[in-house]
Amino acid sequence: EIVLTQSPGTLSLSPGERATLSCRASQRVSSAYLAWYQQKPGQPPRLLIYSSSKRATGVAARFSGSGSGTDFTLTINRLEPDDFAVYYCLQSDSSPFTFGQGTRLDSK
Amino acid sequence: QVQLLQSGTEVRKPGASVKISCQATGYTLTSYYMQWMRQAPGQGPAWMGQIDPSRGRTDYAQEFQDRVTLTRDTSISTVYLELRGLTPQDTAVYFCARAGPYDAIDYWGQGTLVSVSS
């Protein structure tokens, strides 16, 4: 099983700042099968990035993904109030699919 | 537009079973695999398994292998998750989600709360 470790656990930033979230895999993950999600309380996760770097439909250009192999990054530029939420990475390269434990993005 | 509509809240006693439905609209069910995840209170999502609605083939996480069954009824564009031998640790919100183009898990159902308590 591929273990995904996200860091930091909590990130406290102010609107307008840049957020950098990390997702590290215990073994190599194909870039085609690494995705990022945003989740707010009481809602299902929302797909932001798939195939490591492709933005999902309707996702603002402020969100970008990068990385390969075992290290992946989600960057959110110019944070807006609506961006404060929990973010998860997911690998669907090999079964069982696994999620990271999440990074909580808090407003400072 | 693509929508996944799940059945409503379920309350069960320990040892019971539950069957949750997920109806797909806005696309052809058999075109894409369907995933099932669950999320316990305060925790991240956990993948439970997937089904190929076209052929009925399934793949389960080992943790749930002995207790879960995924099925589908293509005539009504619906997939089902059945979980047996419920314990309080199975209390969670259960989600279905489509693995769409590029295998991105793109659309999610609204979630079904399953509460297990004596």
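The values are calculated or read from the model by the stated rules, or taken from the named source; none is laboratory data. Everything quoted here is computed from the prediction, not taken from an experiment. Please note: Cβ atoms are built from the backbone with ideal geometry, for glycine as well, and neighbour counts cover all protein chains shown. Heads up: the accessible areas ignore ligands, DNA and RNA and are worked out on the full protein's heavy atoms, side chains in. Shrake-Rupley method; radii C 1.70, N 1.55, O 1.52, S 1.80 Å.
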(request) Could you tell me whether any residue of the stretch B:33-51 is away from every other protein chain (no Cβ under 14 Å) and either open to solvent by less than 40 Å² (accessible area, probe 1.4 Å) or within 23 Å of A:LEU34 (Cα to Cα) (or both)? (result) no
(request) Filter the stretch A:49-70 down to residues that are assigned to a strand (DSSP E or B) and open to solvent by less than 70 Å² (accessible area, probe 1.4 Å), then give me how many there are. (result) 9
(request) Kindly list the number of the only condition in (1) modelled with pLDDT of 95 or more; (2) away from chain B (no Cβ under 14 Å); (3) more than 25 Å from B:LEU113 (Cβ to Cβ); (4) touching a Leu at 6+ places or on another chain (Cβ under 7 Å) that fails for A:PHE84. (result) (3)
(message) Residues that are in contact with a Gly (Cβ under 6 Å, 6 or more places away or on another chain) and either hydrophobic (A, V, I, L, M, F, W, C) or open to solvent by 30 Å² or more (accessible area, probe 1.4 Å) (or both): does the stretch B:70-84 have at least one?
(response) yes
(message) Of the conditions (1) assigned to a strand (DSSP E or B); (2) touching a strand residue (DSSP E or B) at 6+ places or on another chain (Cβ under 7 Å); (3) away from every other protein chain (no Cβ under 14 Å), A:LEU79 satisfies every one except a single condition; which number is it?
(response) (1)
(request) Take the residues in the stretch A:12-48 that are under 13 Å from A:GLY100 (Cβ atoms) and among the aliphatic types (A, V, I, L, M), then tell me which one is surrounded by the most Cβ atoms within 10 Å (Cβ to Cβ). (result) A:ALA35
